[in-house]
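Below: the structure, in C-alpha cells.
The values are calculated or read from the model by the stated rules, or taken from the named source; none is laboratory data. Model, not experiment: these values are computed from the prediction. Reconstructed Cβ throughout: ideal geometry from the backbone, glycine too, with neighbour counts over all protein chains shown.
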Amino acid sequence: MKVPQVGSRVRPDPVTARRVAADRRLAAVGRTALATTALVIAAVGFVLLLLGPLSWWLATDNVRNLRGKEQADALNAVRQTVLLALAGGATLSGAAFTARSFVLARRGQVTERFHKATAQLGAATPEERLGGIYALEQIWRESTREHAAILELLCSYVRTRSTVPLLPDDSEDLIPPWLDPAQPVYPPELVRLAIDVQAVMTVIARRPARPEPHRPMLIGASLPRVAVRVLEFDHPPRLSSIFFTGADLRMADLRGADLTKTIMNYADMRGAALEGACLHGARLYRADLRRVSWAGASLTGADLSGANLSDSDIVDASQLADVVIDSTTILPQILREDPWVAARIEDCESVSAAGGRRCPPRTPEPLSG
C-alpha cells in the first residue's frame, strides 16, 4: 500500500466525491425549504395579525360598540382599508426601487460612454477625435453631474494641443505682448486652427447654461483665427468668465460672443472681430487690442487699463465712458485728445487713488464751450 507523503493532497475516490456532492445539494435544498417555510409562516402570521388584532386596534370605539352583523361589516371595512394601504405602500416601494435601479443603470451607462469618449480624444486620426468631442457634448447636455468634469477635460485638451509659452499667472514679470520680442507676427500665417481644437471651442461656447464653481482655464492657449461667432449659434456663444490670460487670439472671430467677466489680461488680440460682443466686466489689462473691430460692442465695466488700442476702430468716446481706462492705456490719437476721454481717465484714476477697485459710474459728456 502506497502511503501518501506529508503535505500532499489525497484525492477521494469518485464514489465518495459523488456522495459528498449529493449531501451538499441535499443540505442546500433543506436550507431553502426551511427558509421558504419560515417565510410562509411569517407571512401568514402577519396577515392574521393584520386582519385580527391590528384591525381591531385600528377600529374606533364606534365600531367596537356595534354588535353582530353591523360590527362584522364595519371590521371588514377596516380590514379592506388596511389592505389597500398596505398594497399602496408596496406599490410605492416597488416604484421607488425601480426608479433607483433606473438611475443607477443610467449613471453606469453615462460613465461608460464618458470613458469611451475620453479614450477617443487620444486617437491618431482627427475624425476619431471629433467623434469623442461630440460624444462628450451629448453627455454634457444629458448629465448635470458630469458638467464640471467635461468642461475641465475639454479646456485641458485645448491647452495641451495649443499652448504658447507663458510666465505663471499674476507674475510681476509679465509684460505687455507688444513689448515682448517673441510676440508672433501679425497677421498670423494663413494656417487654419486645428479642426479638433476649433470643434472644442465651439462645443465650449454652446455648453449648457449651468452654475460653474470654477472659471474655465484657457490660460496661454494659442487660438489664432478661432471662429466662435453668433452667426453659427442659436444664442450668443458662451465664452463668459473664461481665463484667456496671455492667450493668442490674433484675428479671432468673436462677433456677438458673450465675453462677460472674461479675463483676457496680456492677451494678443490684434485684428480680432468683436462687433456686437458683450464684454461687461471683462478684464483686458495690458492686452494688445490693435486693429480690433469694436462696432456695436458693449464694454460696460470692462477694464482696459494699460491696454493698447492704437489703430482700433473705437467709434467715439461714448464707448469708453463706462470702462476702466487710465493714463497707461494706449489710445488712438483722436481719442487721446477728446475731452470726454480725458474726463473718464480722471474719474478712473481718482477711484484708483482712493484705493477703490470698482468701475466708476459712467462719465457724463462734458459740456462744450
### Single unsatisfied condition, Thr329 versus (1) at pLDDT below 95; (2) within 40 Å of the chain's Cα centre (by Cα)
(1)
### Task
Could you please find all residues in segment 134-152 being in a helix (DSSP H, G or I) and either of a type in the set (D, E, K, R) or surrounded by 17 or more Cβ atoms within 10 Å (Cβ to Cβ) (or both)?
Ala135, Leu136, Glu137, Ile139, Trp140, Arg141, Glu142, His147, Ile150, Leu151, Glu152
### Task
Identify the residue in segment 106-133 that is surrounded by 13 or more Cβ atoms within 10 Å (Cβ to Cβ) and of a type in the set (Ser, Thr, Tyr) and, among all such residues, is farthest from Ala205 (Cα to Cα).
Thr111
### Task
Could you please tell me which pairs satisfy a Cβ distance under 7 Å, a separation of 6+ or placement on different chains, a first residue in segment 233-247 that is within 14 Å of Leu218 (Cβ to Cβ), and a second residue that is aromatic (Phe, Trp, Tyr)?
Thr245/Tyr266; Gly246/Tyr266
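Per-residue answers, yes or no, for (1) at pLDDT 95 or above; (2) in a loop (DSSP other than H, G, I, E, B); (3) under 16 Å from Leu153 (Cβ atoms); (4) touching a Gly at 6+ places or on another chain (Cβ under 9 Å):
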| position | (1), (2), (3), (4) |
| --- | --- |
| Pro184 | no, yes, no, no |
| Pro187 | no, yes, no, yes |
| Leu190 | no, yes, no, no |
| Leu193 | no, yes, no, no |
| Gln198 | yes, no, no, no |
| Thr202 | yes, no, yes, no |
| Ala209 | no, yes, no, no |
| His214 | no, yes, yes, no |
### Query
Is at least one residue of segment 284-294 part of a loop (DSSP other than H, G, I, E, B) and of a type in the set (S, T, N, Q)?
no
### Task
Mind counting the residues in segment 337-369 that are part of a loop (DSSP other than H, G, I, E, B) and more than 18 Å from Asp316 (Cβ to Cβ)?
9
### Task
Determine, yes or no, whether Ser312 is modelled with pLDDT under 95, crowded, with 21+ Cβ neighbours inside 10 Å and either more than 37 Å from the chain's Cα centre (by Cα) or outside any helix (DSSP H, G or I) (or both).
yes
